[in-house]
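Down below is the structure, laid out as structure tokens.
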Amino acid sequence: MRVYSRWLLILALGLSVTADAAAETIVLRAARLLDVDSGEFIEPGVVVVDGNRIMALNPDSPPAGAEVIELPGMTLLPGLMDMHTHLNTDVEKGWLYRGVEWTAGDYALLGVKYARIALLTGFTTVRDVGGTFFADIALMRAIEAGTVDGPRMFAAGYSVGTTGGHCDATGYAPGILELGPEQGVADGEAAILRAIRYQIKHGANIVKICATAGVLSFEGSPGIQQYSEEEMRVAVEETHRQGLKIAAHAHGTEGIVAASNAGVDSIEHATILTDEAVKVLKKNGTWIVPTLFQWFEPYDLPPVLDAKNEYMKARVSDSMRKAFKAGVKVMFGTDAGAGPHGVSGREFTAYVEHGMAPLEAIRTATVNAAEMMGIEDRGRIRTGLLADIVAVDGDPLANIRLMEDVKFVMKDGKIYKRPE
Ligand SMILES: [Zn+2]
């Protein structure tokens, strides 16, 4: 009886919260809004938000009693989506030792800081593709519960990779930080199934595998393939069986081609692309997530990692120009966490500097991400969709760098940032 009445109370509270939110109407009045599908501006850009949904665009008269937010000269855009982040970590001083020093709480608390920064720079949805101690999943839950301010999240738990590979903890003596499938280190079919099922058991709603070596790890050449195509096929089949998307970290050509042929949904980085690899990506319809601007940022890395970074930096520009020109499907991703936080808008600028049209660059973080992830409730400013809306000061198609300085952020109908 007691349990029963408690549920009734929760139900009643839930209903009253919904009703209050729905009663709150906000009108955003900007110079224009960008229809990211057509590439056209709608002028002026007036959006009526009721509760957490977009209720009307440019109505004849704004609803009585609504709060009006004036955004003169500004362009309204859909909330941005960064499809490659690690919000619970960074590469600030001491990061190399965290594997043997940090608790779940340390990662979780750092995530609180970076989730807020991501949101305030315009990112209302992110994928977090590889964390430690399930701190990414805890962060996702805390944001959903309203405990912490941050973007809507997809979180992978631990990335899944080979023993000694990029997703293992390398650089330590034997016996120190030897990880197993539960922490994402998995060789062969049985271990890979265990690793993926364990991440999903603990809340992962996306899977990330490491197809090749990487930069911020201590194995050899950063491009070498680590998982065999057969192993990746096992991972893809299991992830898809569970109705989720699978992302594969891959720098080198062989690993990119094998991951694409194994059927992964997105290739993260895709750093070294030959013409042949571009053809395979096109044929298979595989998305790439370029994580481009981070290569050109200054880092204080140990010499062996710095050498790997330089190797990649020398190759990535050719690859991206080639992929963009060929029309490979691109989804926006920065690698914030392995690169700097708080400056993710630079990724748009990097795409344009590598030959992508500004409108297409904005699409990578809006409609493209929505399409790839199957989240059609966001990614455009349209009646009925979630009220995830940002604004920049001016015309971002004329000056893509405006994306680096988002002035207004609304997520789920709530305003997190207003122009000063
Ligand atoms: Zn990453």
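Each value in this text was obtained by applying a stated rule to the coordinates, not by laboratory testing. Predicted model, so just to flag it, every value in this text is computed and none were measured. Cβ sites come from the backbone with ideal geometry, for glycine too, and all protein chains shown count toward neighbours.
Given R₀ = 25 Å, FRET efficiency for LEU301-ILE176 by Cβ-Cβ distance, to 0.05?
Working from the Cβ atoms, E equals 0.75.
How big is the Rg/Rh ratio for region 287-358, C-alpha atoms only, Rh by Kirkwood, two decimals?
Values: Rg = 12.4 Å, Rh = 12.8 Å.
Reported Rg/Rh, Kirkwood definition of Rh: 0.97.
A simple count of charges around ASP35, restricted to other residues whose Cβ falls under 12 Å of its Cβ and scoring Lys, Arg +1 and Asp, Glu -1, yields +1.
Using packing as a proxy for protection, rank 219-232, 152-165 so that the peptide with the highest average count of other Cβ atoms within 10 Å comes first. Write down the numbers at each step before the final one.
Details: 219-232: 19.1, 152-165: 25.0.
Those peptides, ordered most packed to least, come out 152-165, 219-232.
Once the Cα-Cα distance is subtracted from the 0.36 nm per residue extended length, the ALA190 to GLU67 segment shows a gain of 38.6 nm. Length available on full extension from VAL100 to VAL343: 0.36 nm per residue minus the Cα-Cα distance, which gives 84.6 nm. Annotation for region 392-410 versus region 237-313: alpha-carbon center distance of 28 Å.
If I take R0 = 35 Å and measure r between the Cβ atoms of ARG141 and LYS93 in this structure, what FRET efficiency does the formula 1/(1 + (r/R0)^6) give, to the nearest 0.05?
On the way: r = 29 Å, r/R0 = 0.83.
FRET efficiency, ARG141 to LYS93: 0.75.
If you average 1/r over all unlike Cα pairs in the chain and invert the result, what Kirkwood radius do you get in angstrom? Final number for the Kirkwood radius of the chain is 22.0 Å. Across all directions, the average projected area of the convex hull around the alpha carbons of region 140-267 is 8.3 nm². Count Lys and Arg as plus one, Asp and Glu as minus one, and take only other residues whose Cβ is under 15 Å from that of ILE400; the net charge is then -4.
Peptides 343-353, 44-54 ranked from most to least packed, by the mean per-residue count of other Cβ atoms within 10 Å: 343-353, 44-54. If you take all other residues with their beta carbon under 15 Å from the beta carbon of ARG363, and give Lys and Arg +1 and Asp and Glu -1, the sum is -4. As a rough guide to protection, the peptides 67-79, 200-212 ranked by mean Cβ packing within 10 Å, highest first, stand as 200-212, 67-79.
Please quote Rg/Rh for region 18-119 to two decimal places, taking the Kirkwood radius as Rh and restricting both calculations to Cα atoms. Intermediate results must be reported in sequence, preceding the final value.
On the way: Rg = 20.0 Å, Rh = 16.9 Å.
Ratio of gyration radius to Kirkwood radius for region 18-119: 1.18.
Kirkwood hydrodynamic radius computed over region 78-138 comes to 12.0 Å, based on all pairs of distinct alpha carbons. Think of it as helices only: each DSSP H run of n ≥ 4 in the chain is worth -39500 (n - 2.57), and spread over all residues that comes to -11000 deg cm²/dmol at 222 nm. Taking 0.36 nm per residue of sequence separation and removing the Cα-Cα distance, the LYS329/ASP405 pair yields an extension gain of 24.8 nm.
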